[in-house]
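S.K.: Submitted below is the structure of interest, expressed as structure tokens.
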Amino acid sequence: MRPASRIEQLPAYLFADLDRKRRAAEQRGLDVISLSIGDPDLPTPEPIVEAARAALADPSLHRYPDYAGSARFRQACADWLEMRFGQRFDPQREILGLIGSKEGIAHLPLAVCNPGDVLLCPEPGYPVYAAAAQLAGAEVHALALRAERGFLPDLDAVPAGICGRARALWINYPHNPTGAVAGLDFYARAVDFCARHELVLCADAAYSEIGFEGYRASSVFEVPGAREVAVEFHSMSKTFNMTGWRIAFVAGRPDVIAPLGALKSNLDSGPFGVVQAAAVAALELGPGPRDAVCEVYQRRRDRLVEGLRAAGLAPSCPRATFYVWVPVPGGDDVGFAARLVEQLGVLVAPGSGFGPSGAGYVRFSLTVADSRLDEAVERLEKLAL
Ligand SMILES: Cc1ncc(COP(=O)(O)O)c(C=O)c1O
């Protein structure tokens, strides 16, 4: 059977070829160190695991959960947003629980776009924005992010005809894959742009808590007027080493939260109640565990950046996220990534996998144990450029 054309039209799995090269390298006996995927190696903090253990014994949580997330979970999300950004949200109308932020990001276009509507998506960027738009029959207008603009989109350059057909703008700071950050001045421009063109501003804040040397990301809601235009996606995945648990939430515009919730109630039944209980414990932990995690990534970032410089490369030194974005000598990112895995057994993500403007870069992830990162750096230092 041929799959549906919407599936056939999805972009090919970008890392498939690299995966093949990785397997070939392993078959030749190379011990491959993967710095390609952003999946924390550190364990979920024990108080969160303990809360899940206790919740597992509660039979009421073995039943279908509340579709939108339990009142307790949504209240904890609202309390966390207030503690972290000084912004108060109504947990009933302005917060929706998600089965990981990827799930909400992937469903958003189905909730707010009609076929033929345009979605403005950054590239390089998290590939799900564009894939989900395509699945909803929407058209993607890519916003190229370039080093000379600090990897911020040039909103003034979006053609008027596109603005007229656009329904939503995606932004993502701290940014995957470049590690770039945005200030409130940029958020103010994005809010103004979305208000003028009647767009939903979709802010993906998956990395808001991963920052170095005291850097802490802002929320788009710290900008006046954001309440009228924005929704912001937050995830437990990166902050609390909970990628496998699948728990996140979206906050903001009730006229976006409601249709997204209506869509989801037809597709899923909300996050597992035990996982919601664990997320409540996570959100109530205070900044200690987050700060400890940031310390680990900062140490690894410094080690990797130093090693890459010693190898003759010119990496960015990110203030946030656990990614290091590195321009490739000669500009062939796919060839460079293939060489790293074939010759050194170090797997990285070629930048063109995140969009055409990512060509010429590779992304290193800091989510491996220190000893493995040290080993990778030692190998990279032998790199003959
Ligand atoms: C920018 C960005 N947004 C969202 C996600 C999804 O995270 P999760 O579904 O685990 O919340 C990721 C995961 O890598 C990401 O990089």
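The values are calculated or read from the model by the stated rules, or taken from the named source; none is laboratory data. The model shown is predicted, which means the values in this text are computed figures rather than measured ones. Counting neighbours? That spans all protein chains shown, and the Cβs are built from the backbone with ideal geometry, glycine included.
Conditions tested, residue by residue: (1) within 21 Å of Ala369 (Cα to Cα); (2) hydrophobic (A, V, I, L, M, F, W, C).
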| site | (1), (2) |
| --- | --- |
| Asp302 | yes, no |
| Glu306 | yes, no |
| Pro315 | yes, no |
| Arg319 | yes, no |
| Gly330 | no, no |
| Leu344 | yes, yes |
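S.K.: Then there is this: Which numbered condition in (1) surrounded by fewer than 24 Cβ atoms within 10 Å (Cβ to Cβ); (2) under 12 Å from Leu98 (Cα atoms) is the only one that Val256 fails?
M.R.: Looking at each condition in turn, Val256 falls short on (2).
S.K.: Is it true that some residue in the range 254-273 is in contact with a helix residue (DSSP H, G or I) (Cβ under 8 Å, 6 or more places away or on another chain) and under 22 Å from Asp41 (Cα atoms)?
M.R.: no
S.K.: Does at least one position in the range 150-157 carry a residue that is surrounded by fewer than 22 Cβ atoms within 10 Å (Cβ to Cβ), within 23 Å of Cys317 (Cβ to Cβ) and modelled with pLDDT of 95 or more?
M.R.: The initial filter retains those residues of the range 150-157 that are surrounded by fewer than 22 Cβ atoms within 10 Å (Cβ to Cβ), namely 150, 152, 154-157.
Now narrow it down to the ones that are within 23 Å of Cys317 (Cβ to Cβ): 150, 152.
Those left that are additionally modelled with pLDDT of 95 or more: 150, 152.
For the range 150-157, residues surrounded by fewer than 22 Cβ atoms within 10 Å (Cβ to Cβ), within 23 Å of Cys317 (Cβ to Cβ) and modelled with pLDDT of 95 or more: present.
S.K.: If you don't mind, there's one more thing I want to ask. Restricting to the range 361-385, what's the tally of residues that are surrounded by fewer than 18 Cβ atoms within 10 Å (Cβ to Cβ), touching a residue at least 12 places away in the same chain (Cβ under 8 Å) and in a loop (DSSP other than H, G, I, E, B)?
M.R.: 3
S.K.: Hey, Pro224 hits all of (1) within 16 Å of the ligand (Cβ to nearest atom); (2) out of contact with any helix residue (DSSP H, G or I) (no Cβ under 6 Å at 6 or more places or on another chain) but one; which does it fall short on?
M.R.: Every condition holds for Pro224 apart from (1).
S.K.: Taking Val293, is it within 16 Å of the ligand (Cβ to nearest atom), touching a helix residue (DSSP H, G or I) at 6+ places or on another chain (Cβ under 9 Å), in a helix (DSSP H, G or I) and modelled with pLDDT of 95 or more?
M.R.: Working: within 16 Å of the ligand (Cβ to nearest atom): yes; touching a helix residue (DSSP H, G or I) at 6+ places or on another chain (Cβ under 9 Å): yes; in a helix (DSSP H, G or I): yes; modelled with pLDDT of 95 or more: yes.
So Val293 fits the description; yes.
S.K.: Could you list all residues from the range 242-263 that are away from the ligand (no atom under 11 Å from the Cβ) and out of contact with any Phe, Trp or Tyr (no Cβ under 6 Å at 6 or more places or on another chain)? Give the steps one after another, and end with the answer.
M.R.: So in the range 242-263, the residues away from the ligand (no atom under 11 Å from the Cβ) come out as 251-263.
Scanning the range 242-263 gives Gly252, Arg253, Pro254, Asp255, Val256, Ile257, Ala258, Pro259, Leu260, Gly261, Ala262, Leu263.
S.K.: Select from the range 185-240 the residues that are assigned to a loop (DSSP other than H, G, I, E, B), under 19 Å from Leu120 (Cα atoms) and within 20 Å of the chain's Cα centre (by Cα) and list them in ascending order.
M.R.: As a first pass, look at the range 185-240 and keep what is assigned to a loop (DSSP other than H, G, I, E, B): 198-199, 205-210, 212-219, 223-225, 240.
Retained after the next criterion (residues that are under 19 Å from Leu120 (Cα atoms)): 198-199, 205-206.
Ala205, Ala206, listed by residue number.
S.K.: While we're looking at this one, here's another question. Do we find a residue being more than 16 Å from the ligand (Cβ to nearest atom) and in the same structural domain as Ala142 (by TED's automatic domain parsing) anywhere in the range 200-212?
M.R.: Of all residues in the range 200-212, those more than 16 Å from the ligand (Cβ to nearest atom) come to 200, 212.
Filter again for in the same structural domain as Ala142 (by TED's automatic domain parsing), leaving 200, 212.
Yes; the residues of the range 200-212 include at least one that is more than 16 Å from the ligand (Cβ to nearest atom) and in the same structural domain as Ala142 (by TED's automatic domain parsing).
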